[in-house]
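Peer 1: Right, I'll just put the structure down here and ask away after.
The values are calculated or read from the model by the stated rules, or taken from the named source; none is laboratory data. Keep in mind that this is a model prediction, so the values were computed, not measured. Here Cβ is always computed from backbone atoms with ideal geometry, including for glycine, and neighbour counts include all displayed protein chains.
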Amino acid sequence: MNPNYVFSKGKPVALLLFFFLISAACSFSQNPQYKLLKGKSIVQSKNYYLLTLFEELPDVKKLLTGDSVLVRIAKNKTDNLFQSLQTCGKDAACYTDKMKFSETEIKTVEERLNALFTKDNALGKLVQNHLVQSGTYILFKNSSPVELLIKAWQQDARGINFAIGVYAEGKKPNYPKIDSFSITKNDSSNYVNLLYNTASLLTVECKNNALFFATPLTAALCFLEMNERNQVADFEPMIEGENKAAYNRAKTINWNNYKYSVIEIPGYGPEDPTVALSAEGMLRCRLAAIQYKKGLAPFIVPSGGKVHPYKTKFCEAIEMKKFLMEQLAIPENAIIIDPHARHTTTNMRNTVRLMYRYGMPFSKPGITCTTKGQSSMISSTLIARCLRELQEAPYKNGMRLSETEVEFYPLIEALHINPLEPMDP
């Protein structure tokens, strides 16, 4: 909208309101060249990017640790946890409740962020230079800058509470058969002792940390680690390892020479823990190789993490990459792995993220290549499932090419962090 627009008489109110609403929203323009900050931990930065920025940006950290209310929250968290060592006894929930954010604490932080924020200070620059450009909270793009900051905070705080609930308290995750708690609660004495010892550790680690989120964040990361649930960091940084050859080649591609950007293969895990790659996975690789050799796209994206069976040591994407190279003569620089996806929803979402981060044109579709049943599901019901489980659709459907191949068009909403899947947010 032109800021010099002159409202005509008789229609000013609605138009004026519209103008102010638009003006208040962020000038949201994500940047494909933006480099995500790693911070102290890839698990942390992928799950809780705002909190990583709070730690890593010196001016922001100084502002937050200079606020007496926020510093008091940090001290109260460690003091209360220290007191739990004397008062909680055998009450397991007593320990974990003190590790999590309370609703009162979440609300107090919201109020302080709102009070501290100005467009031109450290928090304002964080929003425009990082939250907006990274796209990691893109579902909040219609918010004002301060609202975007607060919504990102709410998401990170509740994501931390979710992780502690699942991986310390044993609450059900979205997919219990593959993602559930693995610390035994059968021996209640040992379980409570573990919580006691974790609380004791946290009081030492966080005692001198003035950042208000230090204790809950450290607790969530500890419990993910103890449950061996740090798979989100597997093979990272991929552009320096498994995807280096393809990432470098992507910079040289003349995209006009290809109808599609990628050929995506959703993984299919075996049920036998001794089997590296399922028969279905081999079939999908063969189907994709046929399309690649036709020259439809310059890259194949095998997608799937360490999923089936429960706590498998085999990664679907890695095993498919090996099969593509060793059995089907696909060159390594034509394979981009996604070793983190745990469901078909995130096969699609993560592939779109890789397309974006690796500089592929978003106007060019990709194709999924898989067996008949799953291909039909991707083009019929999967978008609705994505909206239910991810709160966003990472793609829109294109044409069906065959019973095993269908086009998809990437959508930028795929960049948004999902706080309720800490192994693949």
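Peer 1: State whether one or more residues within segment 266-275 are closer than 23 Å to Ile330 by Cβ and surrounded by fewer than 17 Cβ atoms within 10 Å (Cβ to Cβ).
Peer 2: Yes, some residue in segment 266-275 is closer than 23 Å to Ile330 by Cβ and surrounded by fewer than 17 Cβ atoms within 10 Å (Cβ to Cβ).
Peer 1: Let me ask another. Mind counting the residues in segment 269-313 that are assigned to a loop (DSSP other than H, G, I, E, B), hydrophobic (A, V, I, L, M, F, W, C) and within 30 Å of Leu224 (Cβ to Cβ)?
Peer 2: 4
Peer 1: Which residue, of Asn248, Asn208, Asn161, is more than 22 Å from the chain's Cα centre (by Cα) and farther than 26 Å from Glu316 by Cα?
Peer 2: Every option except Asn208 fails the conditions.
Peer 1: Just to be sure before I move on: is Gly281 modelled with pLDDT of 95 or more, in contact with a His (Cβ under 7 Å, 6 or more places away or on another chain) and farther than 19 Å from Tyr247 by Cα in the structure I sent?
Peer 2: no
Peer 1: If you don't mind, another one. Which one of these is out of contact with any Leu (no Cβ under 9 Å at 6 or more places or on another chain), buried (at least 19 other Cβ atoms within 10 Å of the Cβ) and modelled with pLDDT under 95: His308, His343?
Peer 2: His308
Peer 1: OK, next. Are there helices (runs of 4 or more DSSP H) fully within segment 161-248 with at least 3 residues that are surrounded by fewer than 14 Cβ atoms within 10 Å (Cβ to Cβ)? List them.
Peer 2: Helices (runs of 4 or more DSSP H) meeting the threshold: 188-206.
Peer 1: Out of all the residues in segment 367-425, which are among the polar types (S, T, N, Q) and in a helix (DSSP H, G or I)?
Peer 2: Gln374, Ser375, Ser376, Ser379, Ser380
Peer 1: To continue, here is another question. Quick one: which helices (runs of 4 or more DSSP H) lie wholly within segment 24-101 and hold at least 3 residues that are touching a residue at least 40 places away in the same chain (Cβ under 8 Å) and farther than 23 Å from Ala220 by Cβ?
Peer 2: By residue number, 58-65.
Peer 1: Mind listing whichever residues of segment 314-336 are buried (at least 24 other Cβ atoms within 10 Å of the Cβ) and part of a loop (DSSP other than H, G, I, E, B)?
Peer 2: Hits for segment 314-336 are Cys315, Ile336.
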